[in-house]
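What follows is a set of notes on a single structure, which appears directly below.
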């Protein structure tokens, strides 16, 4: 079973938290709250997204790259896919 399916409840909880934080940011901007409060909300969203990314990335590494069933070629393909995803994330 894929780790995103197995960990679906935990992942969805994090996604809902991010969604709520984004909605709070929208409300803050609409209500013209102070800049510092907006910055704090953005930082909270960023932290939540980083936590979600770390959780999914860990599952990817453990389940796909760490699998004993992979051939060296398959493992290399998996590594390249993770590197590609990380490069996109870090832009």
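Restricting the first residue to the range 56-77 and requiring it to be on the phi > 0 side of the Ramachandran plot and without any contact (Cβ under 8 Å) to a residue 12 or more places away in the chain, which pairs with a second residue that is part of a helix (DSSP H, G or I) and surrounded by 14 or more Cβ atoms within 10 Å (Cβ to Cβ) meet a Cβ separation below 9 Å and a spacing of at least six or different chains?
none
Evaluate the range 16-26: report whether one residue or more is closer than 22 Å to residue 86 by Cβ and surrounded by 12 or more Cβ atoms within 10 Å (Cβ to Cβ).
yes
Taking the condition at negative phi, at pLDDT below 95 and surrounded by 11 or more Cβ atoms within 10 Å (Cβ to Cβ), does residue 38 pass?
no
Being touching a residue at least 40 places away in the same chain (Cβ under 8 Å) and surrounded by 14 or more Cβ atoms within 10 Å (Cβ to Cβ), is that true of even one residue in the range 41-49?
Among the residues of the range 41-49, not one is touching a residue at least 40 places away in the same chain (Cβ under 8 Å) and surrounded by 14 or more Cβ atoms within 10 Å (Cβ to Cβ), which makes the answer no.
Being touching a helix residue (DSSP H, G or I) at 6+ places or on another chain (Cβ under 9 Å), surrounded by 12 or more Cβ atoms within 10 Å (Cβ to Cβ) and in a loop (DSSP other than H, G, I, E, B) is the requirement here; does residue 33 meet it?
yes
Confirm whether residue 80 is assigned to a helix (DSSP H, G or I) and touching a residue at least 60 places away in the same chain (Cβ under 8 Å).
So residue 80 does not fit the description; no.
Take the range 73-91 and flag every residue that is in contact with a helix residue (DSSP H, G or I) (Cβ under 7 Å, 6 or more places away or on another chain) and within 30 Å of residue 26 (Cα to Cα).
Answer for the range 73-91, where residues must be in contact with a helix residue (DSSP H, G or I) (Cβ under 7 Å, 6 or more places away or on another chain) and within 30 Å of residue 26 (Cα to Cα): just 89.
Identify, by number, the condition in (1) in a helix (DSSP H, G or I); (2) more than 15 Å from the chain's Cα centre (by Cα) that residue 54 doesn't meet.
All conditions pass for residue 54, except number (2).
Is it the case that the range 62-72 has a residue that's at pLDDT below 95, part of a helix (DSSP H, G or I), surrounded by 11 or more Cβ atoms within 10 Å (Cβ to Cβ) and out of contact with any helix residue (DSSP H, G or I) (no Cβ under 6 Å at 6 or more places or on another chain)?
Yes.
Scan (1) over 19 Å from residue 15 (Cα atoms); (2) surrounded by 13 or more Cβ atoms within 10 Å (Cβ to Cβ); (3) at pLDDT below 90 for the single condition residue 82 breaks and write down its number.
Of everything listed in (1) over 19 Å from residue 15 (Cα atoms); (2) surrounded by 13 or more Cβ atoms within 10 Å (Cβ to Cβ); (3) at pLDDT below 90, residue 82 misses just condition (3).
The values are calculated or read from the model by the stated rules, or taken from the named source; none is laboratory data. Predicted model only: the values in this text are computed from it and were never measured. Positions of Cβ are backbone-derived with ideal geometry, glycine not excepted, and every protein chain shown enters the neighbour counts.
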